[in-house]
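Heads up: the structure comes next, in structure tokens.
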Amino acid sequence: MKQKKLEKILIIGLGSMGKKYLKIINKNWPELEIAVLTSNSKYIHENYNKKILIFESLDQAIEFRPSAAIVASPAPFHISQALFLSQFKIPTLIEKPLGTGKESIKDIKEINYQSKKNIILVGYVLRHSPCATYIKKILSKNSLGKLIEADFHCGSWLPSWRKGIDYTKTVSAKSYLGGGVLLEMSHEIDLALLFLNDLEIKYVYKKNSGLLEIDKELEDTAIIIARKNNVCVTIRLNFCTNPSERKITFRGEEGELCWDILKNRVILSKPNSQKIYKSDMNIQDLYVLQLEHFFSCINNQKLPICNINDGLKVLNLILEAKDFSI
């Protein structure tokens, strides 16, 4: 891949994630020219004194000649927009998930092909956490002995996700925008695949509890029971419980390893000892790290830490879970 000089960046979409990327880039890379594809020009004018170009179509935005782009639109548009950008060899960060699984086989094959010629990073930001790196190190050393089980749990309350915004009108609550807990909270699925590689699904429980005003066909609760060799793996997701909890736990014959994501720490417990690893990086810091990595892929030709194949593995597992029946 030809090295590109990073001068201009295009952000597609100005929902919660688009706003987050805009704020971080404006603060940490003030020298970059920024353009946004959005119909919400009012937000830009009210919050930014710096000149930020606003476009309402991709055809207009491409005239900006961005040297990089971030796709932060709803999931159903991710792959088609990334394919459009790839025509112009524009390095692209696609916010998770890669898509919804309803994309055509042709488009899936094409985005996979384009990723071999153009930098495409999938934005599973927790991969950039020092805690994730620490866990991979502990597991690689076999410090827990024979692994028995692994549990990935994320429970939260959707109405409190985005302050000042009616959750019933957000992506999370709308089927046509790629809502539901499996797509919206796919970080845990990505981490399960990162740490354990391929998983064999044995059982899936999913439901709409009726506690939230989301589309009836969407699940707000999902439990996946899977197997990796002889390890029992559970992935438990919901956005209808309070208070929030987000933990990843590995249990083996010689100890337990628990990552409390909300507290930014990993505890390694043995029968007669306990070791605590603490990271000072909050979620905002991780997004900065992710952008630094993305820009390093462009400027220094580093390989993406989460590529199209990784994103497709997550999407395929989600589709398998959605289609699962006894």
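The set of residues from the stretch 186-211 being open to solvent by 10 Å² or more (accessible area, probe 1.4 Å), in a loop (DSSP other than H, G, I, E, B) and touching a residue at least 24 places away in the same chain (Cβ under 8 Å) comprises N197, D198, L199, S209, L211.
S140 fulfils the conditions (1) over 20 Å from G123 (Cα atoms); (2) among the small types (G, A, S); (3) out of contact with any strand residue (DSSP E or B) (no Cβ under 9 Å at 6 or more places or on another chain); (4) crowded, with 20+ Cβ neighbours inside 10 Å except for a single criterion, (4). Is it true that some residue in the stretch 233-241 is over 26 Å from Y21 (Cα atoms), modelled with pLDDT of 95 or more and surrounded by fewer than 13 Cβ atoms within 10 Å (Cβ to Cβ)? No, the stretch 233-241 has no match at all. Considering each residue of the stretch 75-112, count those that are under 21 Å from I62 (Cα atoms) and either polar (S, T, N, Q) or part of a helix (DSSP H, G or I) (or both), and give that number. Here the count works out to 17.
Within the stretch 242-255, being open to solvent by less than 20 Å² (accessible area, probe 1.4 Å), within 26 Å of W157 (Cβ to Cβ) and in contact with a helix residue (DSSP H, G or I) (Cβ under 8 Å, 6 or more places away or on another chain) holds for one residue alone: I248.
Residue selection: L10 fails the criterion of being assigned to a loop (DSSP other than H, G, I, E, B) and either more than 23 Å from I165 (Cα to Cα) or open to solvent by 70 Å² or more (accessible area, probe 1.4 Å) (or both). Scan the stretch 31-38 and give yes if some residue there is open to solvent by 90 Å² or more (accessible area, probe 1.4 Å) and either β-branched (V, I, T) or assigned to a strand (DSSP E or B) (or both), otherwise no. Yes, that holds for at least one residue. Screening the stretch 256-272 for residues that are under 26 Å from W161 (Cβ atoms) and open to solvent by 50 Å² or more (accessible area, probe 1.4 Å) and picking the one that is nearest to the chain's Cα centre (by Cα) gives L262. Only one of the numbered conditions (1) free of Cβ contacts under 8 Å to residues at least 60 places away in the same chain; (2) of a type in the set (A, V, I, L, M); (3) buried (at least 16 other Cβ atoms within 10 Å of the Cβ) is violated by I105, and that is (3). Every condition in (1) assigned to a loop (DSSP other than H, G, I, E, B); (2) more than 21 Å from S140 (Cβ to Cβ); (3) open to solvent by 60 Å² or more (accessible area, probe 1.4 Å) holds for D215 except the one numbered (3).
The values are calculated or read from the model by the stated rules, or taken from the named source; none is laboratory data. No experiment lies behind these values; they were computed from the predicted model shown. Cβ sites come from the backbone with ideal geometry, for glycine too, and all protein chains shown count toward neighbours. These area figures cover heavy atoms from the full protein model, side chains too; ligands, DNA and RNA do not enter into them. Shrake-Rupley method; radii C 1.70, N 1.55, O 1.52, S 1.80 Å.
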